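J.: The following block contains the structure, expressed as structure tokens.
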Amino acid sequence: MLVAPSILSANFGKIDEEIKAICEAGCDLIHVDVMDGHFVPNMTIGPVVVKSVAKAATKPLDVHLMVENNTFFVDLFAPLKPEYISFHIESEKHPHRLIQKIKALGIKPAIVLNPHTTVETIEYLLEDLDMVLLMSVNPGFGGQKFISSVVEKAQKLKELINKRNPNCLIQVDGGVNDKNIHELKDAGVDVVVAGSYVFGSNSYSKAIKSLQI
């Protein structure tokens, strides 16, 4: 299991130290939540802050767009060369076109599904994706309770992926901890995002390792 701590839960007063700490603690990716205050009722960080995150990081960035104007934000963050850029299927009229744009920029494209969105909505996009992110909370805020139905959803998605694109990863974001990590692993999940579980712990290293099963 790969672990991507979400910097949404980090202490932004010492963000460089936080980024270095999670990298030294053994994280696999650094999850960056970008919110515009329109698609979700919250606003977070722009490319200026993420640029300093990228400088401090020794692990790849995983940029999660929770925005309405996806193309604008892809252009904004692409120069930082993240490993992944993910966007919500609910906010994009032309997902296939945007996937190709992200690929052309040398970045791995991923699509995000909100808790209510069925996996069938992206069946015919899977061949072009490197990852699918399943939200296990409603997007917009950290520290929410895990929505357990995502386990069944991950199982269904894994079946589709096995048929369409076995190399596509499954990521889960929201309320992940050492209590639910085993059922997520059993459901076929490859990557987990963990915010408050990591940054709220006494030991980033122990928290991250408890998820790398």
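J.: Which of the residues spanning segment 38-77 are within 19 Å of residue 88 (Cβ to Cβ), hydrophobic (A, V, I, L, M, F, W, C), part of a helix (DSSP H, G or I) and touching a helix residue (DSSP H, G or I) at 6+ places or on another chain (Cβ under 8 Å)?
T.: 50, 74, 76, 77
J.: Testing residue 111 on (1) within 19 Å of residue 9 (Cβ to Cβ); (2) assigned to a strand (DSSP E or B), one condition comes back false. Which one is that?
T.: The one condition residue 111 does not meet is (1).
Condition check ((1) closer than 24 Å to residue 15 by Cβ; (2) surrounded by 15 or more Cβ atoms within 10 Å (Cβ to Cβ)) across all residues:
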{"residue": "55", "(1), (2)": "yes, no"}
{"residue": "58", "(1), (2)": "yes, no"}
{"residue": "62", "(1), (2)": "yes, yes"}
{"residue": "78", "(1), (2)": "yes, yes"}
{"residue": "84", "(1), (2)": "yes, yes"}
{"residue": "93", "(1), (2)": "no, no"}
{"residue": "105", "(1), (2)": "no, yes"}
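Coordinate-derived values only; no laboratory data. Being a predicted model, the structure only gives us computed values, none of them experimental. Backbone-built Cβ (ideal geometry, glycine too); neighbour counts: all protein chains shown.
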